[in-house]
Amino acid sequence: MSDIKKIEEPKTRYYRATFVDAACVDMQITVEFEAPFPRDESIDYSQLALRSFLEQVSADHIKIRDIEPIET
């Protein structure tokens, strides 16, 4: 008789967060980040998303494509 081992669920999972401009909701950036799963109510997932976004910018994974003046 063989021993059947239970496959454990992953303890983390990728989540997707969408950042929007407070003045113009059409302007948005979506990032994916890894966080504990299942969701833990004691963890601020928005802070994890923000930290991940800042790390991606710092590591040049998110770059500025172009800069242009705004017509007024």
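The values are calculated or read from the model by the stated rules, or taken from the named source; none is laboratory data. All of these numbers come straight from a predicted model, not from anything done at the bench. In this analysis, Cβ positions are derived from the backbone assuming ideal geometry, glycine residues included, and neighbour counts consider all displayed protein chains.
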Condition first: outside any strand (DSSP E or B) and touching an Asp or Glu at 6+ places or on another chain (Cβ under 8 Å). Now tell me which residues in the range 1-50 satisfy that. 27, 37
Residue that is surrounded by 10 or more Cβ atoms within 10 Å (Cβ to Cβ), touching a Pro at 6+ places or on another chain (Cβ under 8 Å) and of a type outside the set (Val, Ile, Thr), where the choices are 19, 53, 33, 37: 37
Give all pairs with beta carbons closer than 8 Å in which a residue from the range 27-40 that is over 11 Å from residue 14 (Cα atoms) meets a residue that is acidic (Asp, Glu) and modelled with pLDDT of 90 or more; count only pairs at least 6 apart in sequence or on separate chains. 27/21; 28/21
Residue hits (the range 51-68; closer than 16 Å to residue 14 by Cβ and not in a loop (DSSP other than H, G, I, E, B)) are 51, 52, 53, 55, 56
